[in-house]
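What follows is one structure encoded as structure tokens, with my remarks underneath.
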Amino acid sequence: MKTPLRVVFLGTGAGSLTDRMGLAILLMVGQEYLLVDAGYGANVQLVRAGIDLCRVKVILVTHHHIDHCGGLPSIFHDLKAHGCLEPITIYVPPEAEEPVKTLIRLFGPRIPPPHMIEVVEAGQRVEVGAYKASFMEAVHPLQTLSPEISVAGLRILYSSDTAPYPEFKSRAKGADLCIHEATLPDHMAELSSRFGHSTVSQAIKTCKDSRRTALVHLTTLSESQLASLATGENIIVPQDLDELLVSSPRSSF
Ligand SMILES: [Zn+2]
């Protein structure tokens with residue numbers, strides 16, 4: 001049986017209006033880790049989850065809003081404190097390159113470990129160890145990528161922040177896990193669209209043809225609707241630090 005994918009929802013909150021930490025999702029297959037987004041509080045959440053920080057060597061930042069990359073300075077500080085000196089690679093969309101560089105330099109140029117910032121664009125594919133990632137352009141006021149990640153025979157989609165768009169919905173078909181933002185409740189659809197976000201029902205509809213949906217980027221506003229949502233095997237609303245094991249349909253777990 002193939003090693004299942006372990007998904008740790010370190011932070012599941014939006015930029016405000018929530019007591020959840022900023023977005024940070026750790027994918028783990030065996031000893032190979034991929035950190036997708038690093039919102040505020042991500043360093044603390046990594047410690048709380050009992051993660052060996054030195055194994056975090058690849059970080060994918062979908063865009064440069066604080067709830068998606070505000071944790072980077074603290075992560076670098078903690079990597080140094082834990083004596084993790086192996087190089088870190090950070091993938092960013094073009095518009096995030098300078099802000100992310102600035103964030104990492106913020107507390108001094110001497111912060112190890114060494115790091116490389118790789119710019120990736122929509123349509124591009126990258127391969128990092130066991131992970132293959134490709135990217136779609138999300139619909140958000142700031143340049144934002146929605147990654148599609150293949151690992152261990154599984155296909156994982158992550159919307160990041162976006163209004164619904166057809167390409168993502170199409171790629172979600174048959175995905176093993178569709179992680180989608182659900183920032184606002186349905187009655188705020190107009191506001192949601194204006195700010196490049198999705199409502200709860202839009203998120204569920206977008207991911208409906210995937211094997212499983214995880215709703216993230218939550219606010220107290222969307223949670224008021226989610227409280228009455230029937231969740232279960234196919235739709236989950238993770239709390240910070242919740243974990244999920246994903247394996248192929250032919251495997252048991
Ligand atoms: Zn956000």
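Bear in mind that the values in this text are calculations on the coordinates, not laboratory data. Worth saying up front: this structure is predicted, and the values here are computed from it rather than measured. Because the Cβ atoms are built from the backbone with ideal geometry, glycine has one as well, and the counts that use them run over all protein chains shown.
What to note about this one:
- When each of K57/K101; K57/K80; K132/K169; K80/K132 is checked by Cα-Cα distance, pairs over 23 Å: K80/K132
- Dipole of the chain, positive direction: furthest Cα of L184, L244, L35, with charges on the beta-carbon: L244
- Rounded Å value of the spacing that divides the Cα centres of region 33-100 and region 148-214: 23
- Taking 4.7 Å between C-beta atoms as the pairing limit, the chain has these partnerless cysteines: C69.
- Rounded to the nearest 500, the 222 nm mean residue ellipticity of the chain from helices alone is -5500 deg cm²/dmol, with -39,500 (n - 2.57) taken per DSSP H run of at least 4 residues.
- Using a Gaussian network model of the chain in which every pair of alpha carbons under 10 angstrom is joined by a spring, one finds that among A42, A172, A133 the greatest mean-square fluctuation is at A133.
- Angle between the chain longest axis and helix 72-81 axis [Cα atoms, degrees, rounded to 10]: 40
- Net charge over other residues, Cβ less than 12 angstrom from the Cβ of T18 (K, R count +1; D, E count -1): -3
- Basic side chains Lys and Arg get +1 at the Cβ, acidic Asp and Glu get -1 at the Cβ, and with that the dipole of the chain about its Cα centre reaches some 560 debye.
- Farthest toward the positive end of the dipole of region 90-210, out of V128, I117, L157, is the Cα of V128, where the dipole comes from beta carbon charges about the Cα centre.
- The ranking of H217, H64 by Cβ neighbour count inside 10 Å, starting from the fewest, reads H64, H217.
- The ranking of V44, V151 by Cβ neighbour count inside 10 Å, starting from the fewest, reads V44, V151.
- Amide H to amide H distances under 5 Å link S160 with E181, where only residues 5 or more positions off or on other chains count and H is placed in the peptide plane.
- Remark: L218, L145 ranked as L218, L145, counting other beta-carbon atoms within 10 Å and listing the fewest first.
- Among S160, S146, S170, residue whose mean-square fluctuation peaks in a GNM of the chain (springs only between Cα atoms under 10 Å): S170
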